[in-house]
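All remarks here apply to the structure that follows.
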């Protein structure tokens, strides 16, 4: 099982299948939106306490690897 599968889940019964942090209803996109808007990881984690720092970092690392592999 890859890291992304451990921290990100897709379930048609949770937010219509939107990728969320496993065990939460927090979309991964929310983290990207925070960072894009200039907010910090700490601010995101404060606003979404059900997401752990480790889960957020793991999801970002997996997204980076996916993007790099697409470009290479």
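Each value in this text was obtained by applying a stated rule to the coordinates, not by laboratory testing. Predicted, not measured: the structure shown is a model, and the values here were computed from it. Heads up, the Cβs are rebuilt from the backbone with ideal geometry, glycines too, and the neighbour counts pull from every protein chain shown.
Neighbour counts of other C-beta atoms within 10 Å: give me 44, 28 arranged from fewest to most.
44, 28
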Kirkwood hydrodynamic radius of the range 4-72, Cα pairs, Å: 12.4
For the chain, built as a Gaussian network whose Cα springs stay under 10 Å, the top-fluctuating residue of 14, 26, 42: 42
Sequence of 31, 15 once ranked by neighbouring C-beta atoms within 10 Å, starting from the fewest: 15, 31
